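Worksheet: one structure, shown below.
The values are calculated or read from the model by the stated rules, or taken from the named source; none is laboratory data. Quantities reported herein were computed from a predicted structural model and do not represent experimental measurements. A quick note on method: Cβ atoms are made from the backbone with ideal geometry, for glycine too, and the neighbour counts reach across all protein chains shown.
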Amino acid sequence: MKKLILIVCLAFFSYNSISQVWIEPGAEWHYDYWTVGSVGFIKYEYVKDTLIEGHSCQKIIGESYEFCHNQYNEIVLCYHDFLPTQFTYVSGDTVFYRNNGEFFVLYNFGASIGDKWVIANTNPFGECDDTSRIEVVDTGRMTLNTVSYRFIKVQPTSNSPLGFKGTYVERFGNIDTTFFNFQYLFPGGFQCDSLTPLVEWNFFKFKCFKDTSFVLYNPSTEDCEYYLTHLGIEDVKSYNFSVNPNPFSTSTQISFDKTYQTLDLSLIDLQGKIIQQKSYHDCNKITLDRAGIANGFYFLRVNLDGKFVETKKVVVAD
């Protein structure tokens, strides 16, 4: 009987001490963010599995919602966009993700302090190095919902054009609950030395996570989509248009889901100055030329048939 009790105790201990490296079906994240003049949140969802190059990958889709003040000082939805689809897979202690047609290490939860790995070989800015690397600065364990999980603290290496930083926990990804720039689930533009004077970065913090077997983890206890529910916005009308390529060096094409009688485009810099403003008629595709536009981040404001639709962020870089 004592041996049976011992075996049961050991099994219980093992179950509660062995954690899961990556997500289960139904995984859903929310991150709050703020930038100059606006606030918002990002939502990611694991929607299905798909096979890529022999790997069973998780397909993860995302949306971004940005809120700002209108002329009456009311908080309104000023920006809604779909984020690039992400694909991940797990091998051992490592989570891989797909970038520009290749798989790279995203998180290595078996890493030691000082370990580094390449997260991308693309450079969207025309500055900095061509290769982006992450370095581990701390490791450890933390307990969430009675289960012990490994974590790594990471930061990009010097002059990486893409990166992320902060505390990353297996099964969850980033879990930092105070605003800081580059705390994000996937790699994004990073402040390498050459870009320091050009970019106004967003600040992110973790808000919520859940999946089919993990009860909602929400340290703030605030609604995961606070601004949508607070403002009583039930539906967000999405006008399907894309900007490709983005970033761009000479020109970019703006494509819409259908033909509109009037298309008004305004390119605005980070100080709110209108750099370009043009109107088009009876079309669904426009080419925007960068002639005379300096390298940097801009906002592309779109009005369709006389009605404001939304604003997309674009990057101009050689």
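For the range 293-316, which residues satisfy the criterion of being at pLDDT 80 or above and more than 18 Å from LEU83 (Cα to Cα)?
Residues satisfying the conditions are ILE293, ALA294, ASN295, GLY296, VAL316.
Return yes when PHE103 is surrounded by fewer than 18 Cβ atoms within 10 Å (Cβ to Cβ), in the same structural domain as ILE23 (by TED's automatic domain parsing), touching a residue at least 60 places away in the same chain (Cβ under 8 Å) and assigned to a strand (DSSP E or B) and no when it is not.
no
Considering only the range 106-137, how many residues are of a type outside the set (D, E, K, R) and assigned to a loop (DSSP other than H, G, I, E, B)? Break it down into steps so the answer makes sense when it comes.
Just the residues of the range 106-137 that are of a type outside the set (D, E, K, R), to begin with: 106-114, 117-126, 128, 131-132, 134, 136-137.
In the following step, the residues that additionally are assigned to a loop (DSSP other than H, G, I, E, B) were identified as 109-114, 121-126, 128, 131.
Residues in the range 106-137 being of a type outside the set (D, E, K, R) and assigned to a loop (DSSP other than H, G, I, E, B): 14 in total.
I'm told LYS258 meets every condition in (1) within 21 Å of ASP81 (Cβ to Cβ); (2) surrounded by 12 or more Cβ atoms within 10 Å (Cβ to Cβ) except one. Can you identify the failing condition by its number?
(2)
Show the residue pairs that are 6+ apart or on different chains and have beta-carbon atoms under 8 Å apart, the first residue being within the range 240-251 and without any contact (Cβ under 8 Å) to a residue 12 or more places away in the chain, the second being buried (at least 18 other Cβ atoms within 10 Å of the Cβ).
Sorted first by the residue in the range 240-251, then by its partner, the pairs are ASN244/THR252; PRO245/THR252.
Which of the following residues is modelled with pLDDT under 95 and either within 23 Å of PHE179 (Cβ to Cβ) or part of a strand (DSSP E or B) (or both): GLU66, GLU24, GLU45?
Details: GLU24 fails: either within 23 Å of PHE179 (Cβ to Cβ) or part of a strand (DSSP E or B) (or both); GLU45 fails: modelled with pLDDT under 95.
One residue alone meets the criteria, GLU66.
For the range 75-91, what are the residues that are without any contact (Cβ under 8 Å) to a residue 40 or more places away in the chain and more than 14 Å from the chain's Cα centre (by Cα)?
Within the range 75-91, TYR89, SER91 meet the criteria.
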